[in-house]
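For reference, the structure discussed in these notes is given below.
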Amino acid sequence: MKHGLVLEGGALRGLYSMGIVDVLMDEGITFDGVVGVSAGAALGCNIKSGQVGRALRYNMRFAKDWRYCSLRSLITTGDLYGAEYAYHKVPKEMDIFDVAAFNANPLPFWAVCTDVETGQAVYHLLEDADDETYDWIRASASMPLCSRIVELDGRKLLDGGVADSIPLAFMEREGFDRNIVILTQPEGYVKQRNRFLPLMRLSNLKHYPLFLKAVAERHVMYNEELAFVRKREAEGCALVFRPSSSLPIKHTSHDPKVMRRVYELGREQALLRLQEIKAFLSVSVD
């Protein structure tokens, strides 16, 4: 039996997920593998380095720093979240990412990206924390129109959520038969067609028709994945966390109080369901 953790994206809605993850780490609850998409990768990598509270701490600290996330950053660098500042300077100089702990932890951690030339998901195993790993995480979280394409290993990459928003099926293919899935939208949420698709067709993304096709069909893929999650939940193979209502935060925020509130909502829910989590992970599968 292998236990997996699936972390959906959602930009700063991911702080809700990190509230749950930090409770799991506080309680010494471990997994055999983790997959993170977009914010699920950018924030969730702290589970492999064992750094409780770090995701909330640095987002609050740099909430009003234009170099971290701002329209000014988007205009001057091409990235809403500053590629160099947010993904290299912060973890290496300002809120230190524990490279030694990350590298020593054998936990398999995958980041999901989308190949803009094929429109297909790329699942990259993050093993050693280095500049390339930071760029894989950046690629996973690089939202179309808000980020430059990231080139790695001969691929051109953007937001993993375009091709695979909730990679529960991927984890099952990898042999993880009991998975905790953390979603960032409430029960009953139905994704609609991307309203920014016409703008994407006018941008440099017009050169990548298969990516645009994936964007156009993302709502269908996402809603099918939600249905699959519900099915596996009903079958007892997945334990699912969802916020009880829409989280009180947008994709970005410059308000540390709002960030903390979203994070605390996750912590509160995890603490309420702590015994359920432990029971789920202790059940054997025939």
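With a 1.4 Å probe and all protein chains left in place, how much of the accessible area of the chain comes from carbon and sulfur atoms, in whole percent? C and S atoms contribute 52 percent here.
Here each label is just a point 7 Å from Cα along the line to Cβ, and for Leu202 and Ala234 those points are 4.3 nm apart. Packing order of peptides 83-91, 183-191, highest average first: 83-91, 183-191 (average count of other Cβ atoms within 10 Å over each peptide's residues).
Write down the accessible area per residue of segment 194-258 in Å², having rolled a 1.4 Å probe over the full set of protein chains.
Working: 3860 Å² over 65 residues.
Ligands and nucleic acids excluded, the figure is 59 Å² per residue.
Beta bridges from DSSP with both residues in the chain: antiparallel share about 40 percent, rounded to the nearest 5. Within the same chain, lysines fewer than 8 places from Lys89 are excluded, and of the rest, those with a Cα less than 28 Å from its Cα are Lys48, Lys64, Lys156, Lys250, Lys257. Projecting the Cα atoms of Pro198, Leu274, Leu226 onto the charge dipole of segment 179-281 (Cβ charges, centred on the Cα centre) puts Pro198 farthest toward the positive pole. Computed packing ranks the peptides 3-13, 193-203, 60-70 as 3-13, 60-70, 193-203, most packed first, by mean other Cβ atoms within 10 Å.
Taken as Cα centroids, segment 18-43 and segment 139-207 sit 18 Å apart, rounded to the nearest whole angstrom. For segment 237-272, applying the loop criterion from DSSP together with a ceiling of 16 other beta carbons within 10 Å to the trypsin sites (Lys or Arg not before Pro) yields Lys250.
Taking a Cβ cut-off of under 12 Å around Ala169, the surrounding Lys, Arg, Asp and Glu residues balance to a net charge of -2, with basic ones at +1 and acidic ones at -1. Here the dipole of segment 134-243 is about 540 debye; that uses its Cα centre as origin and unit charges on the Cβ of Lys and Arg (positive) and Asp and Glu (negative). On the basis of the beta-carbon distance and an R0 of 51 Å, Trp66 and Ser282 show a calculated FRET efficiency of 0.60. How much net charge surrounds Val116 when only other residues with a Cβ under 14 Å from its Cβ are counted (Lys, Arg +1; Asp, Glu -1)? Every neighbour counted, the sum reads +2. Spin-label pair Glu117-Glu132: with each label point 7 Å from Cα along the Cα-Cβ axis, the two points sit 1.7 nm from one another. Taking label points 7 Å from Cα along the Cα-to-Cβ direction, Ile75 and Glu217 give a separation of 3.8 nm. Each Lys or Arg adds one and each Asp or Glu subtracts one; over the other residues with Cβ under 11 Å from the Cβ of Lys156, this totals -2.
The values are calculated or read from the model by the stated rules, or taken from the named source; none is laboratory data. As the structure is a computational prediction, the values presented were derived from the model and not from experiment. Neighbour counts are summed over all protein chains in view; Cβ atoms, including those assigned to glycine, are modelled from backbone coordinates with ideal geometry. All accessible areas refer to the heavy atoms of the entire protein, side chains included, with ligands and DNA or RNA removed. Shrake-Rupley method; radii C 1.70, N 1.55, O 1.52, S 1.80 Å.
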